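Derivation of every value follows stated rules applied to the coordinates shown; laboratory data play no part. A quick note: this is a predicted structure, and the numbers were derived from the prediction, not measured. For neighbour counting, all protein chains shown are included, and Cβ atoms are generated from backbone atoms with ideal geometry for every residue, glycine included.
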Amino acid sequence: MKKKIVILAGGYSKEREISLNSGKEVYKSIKNKYRCYLIDPKGDLNQVLKKIKPDIVFNALHGRYGEDGYIQSILENEKIKYTHSGVLSSFLAMDKYLSKKIFKENNILTPASFKHTFSNNINHKKLLSKANIMKFPIVLKPINEGSSVGVYITNKKNFFKNLNKLRSFNEILIEKYIPGREIQSAVLGNKKLGAIELIPKRKFYDYKAKYDKKANTTHIMPADLSKENYNKVNKIALKAHKLLNCRGVTRSDFRFYKNKFYLLELNTQPGMTSLSLVPEIAKYNKIEFNQLIEFLIKDASTSK
Ligand SMILES: Nc1ncnc2c1ncn2[C@@H]1O[C@H](COP(=O)(O)OP(=O)(O)O)[C@@H](O)[C@H]1O
Ligand SMILES: [Mg+2]
């Protein structure tokens, strides 16, 4: 009897569309091997799980509720094995403020930043002088979003204008801008998988540069680094993966400047379309998309 697999894709986050694509690709890849159910977890997921009684859940969700420990805690409760990281690892990785704190305390370089909480009486002068210390341009970003949603690189003149665009997020990070290159490194099953370089034609690696083919972002696999630096960035990604006690696959995003790697964040639910970065990195290592998905399914578990 074939095993039953529920693939969760879609959901409520701002990365819904990307997740639907990831889910479809995963479905295509395993539909003949397992009894597959592609489910958009809107409404009562518990009800759906009780009805289907899956052996394993493949989590193809991205962003809020899918990548932040929420869905993981439901699956823990139901004692259903699921792919990728567990509750706490997901929660920590999704929160850039907390994860950067952990990185820093463990000697992983990450751009200087501080948390800004919106209130009705912002002291503009004080805030500007705090931001000034990091030297403009600086980066404004939500603490727990993904896909570059809400990321602004701003000069001093437009600082408050751009800051206001993020009001709905309640809390944001104000971060030092690191010029240089965009390098991302993947870890699969507690092993270094490799690093890719992205060269966007746009101002930075924003939503369009990530997902719109017309944006023509150049992918260089493997990243064009010296052997030493290539090993170094993969080593940092593995260290971050282990520090947060992650599982399955993760992708860490770096800036590379003046021979130093700055870790921006670690993603516990990286994109899984056939055009996504982790599958591209895996492919270079002769791990085909189907094998990657199969690895994650075999790796699925609940916390012990
Ligand atoms: N401190 C920074 N310096 C330079 N570029 C940055 C910085 N922070 C973010 N970026 C740019 O924005 C992109 C998205 O930021 P990231 O922190 O990875 O958030 P997300 O979770 O949205 O991917 C990065 O890949 C990079 O191109
Ligand atoms: Mg990122």
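Find the Cα radius of gyration of the chain, compare it with 2.2 N^0.38 Å by division, and give the number to two decimals.
Normalised by 2.2 N^0.38 Å, the Cα Rg of the chain equals 1.00.
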**Request:** Run the dipole for the range 4-84 about the Cα centre, Lys and Arg Cβ at +1, Asp and Glu Cβ at -1, nothing else charged, and hand back the magnitude in debye, nearest 20.
**Result:** 420
**Complete:** Farthest towards the positive end of the dipole of the range 5-149, among ILE143, TYR70, SER22 and with Cβ unit charges of +1 on Lys and Arg and -1 on Asp and Glu, lies the Cα of ILE143
**Request:** Treating cross-link reach as a plain straight distance, find the lysines whose alpha-carbon is under 23 Å from the alpha-carbon of LYS130, omitting any fewer than eight places away in the same chain.
**Result:** LYS96, LYS100, LYS101, LYS104, LYS115, LYS141, LYS156, LYS157, LYS161, LYS165, LYS176
**Prompt:** Under unit Cβ charges (Lys, Arg +1; Asp, Glu -1), what dipole magnitude, rounded to 20 debye, does the range 51-162 have relative to its Cα centre?
**Reply:** 740
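Treat every Asp and Glu Cβ in the chain as -1 and every Lys and Arg Cβ as +1, leave all other atoms uncharged, and give the resulting dipole magnitude about the Cα centre to the nearest 20 debye.
Charge dipole of the chain: 460 debye, to the nearest 20.
Tell me, MET134, MET272 in order of fewest to most beta-carbon neighbours within 10 Å? Mind showing how you got there, number by number?
On the way: MET134 17, MET272 30.
Fewest-to-most ranking of MET134, MET272: MET134, MET272.
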**Under 14 Å from the Cα of LYS298 - aspartates and glutamates, other chains or at least 8 residues apart** = ASP55
**Asked** Any idea how many Lys pairs in the range 4-84 come in under 19 angstrom at the alpha carbon, given 8 or more places apart or on separate chains?
**Response** 26
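If a/c stays under 1.5 just call it rounded; otherwise compare a/b with b/c (prolate if a/b is bigger, oblate if not). Do that for the range 113-176, with a ≥ b ≥ c from the square roots of the Cα gyration tensor eigenvalues.
Working: a/c = 1.61, a/b = 1.19, b/c = 1.36.
Verdict is oblate for the range 113-176.
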**Request:** Report ³J(HN,Hα) in whole Hz for each residue of the range 214-221, in order, from the Karplus equation J = 6.51 cos²θ - 1.76 cosθ + 1.60 where θ = phi - 60°; Gly and Pro get x.
**Result:** 5, 6, 6, 5, 7, 9, 10, 10
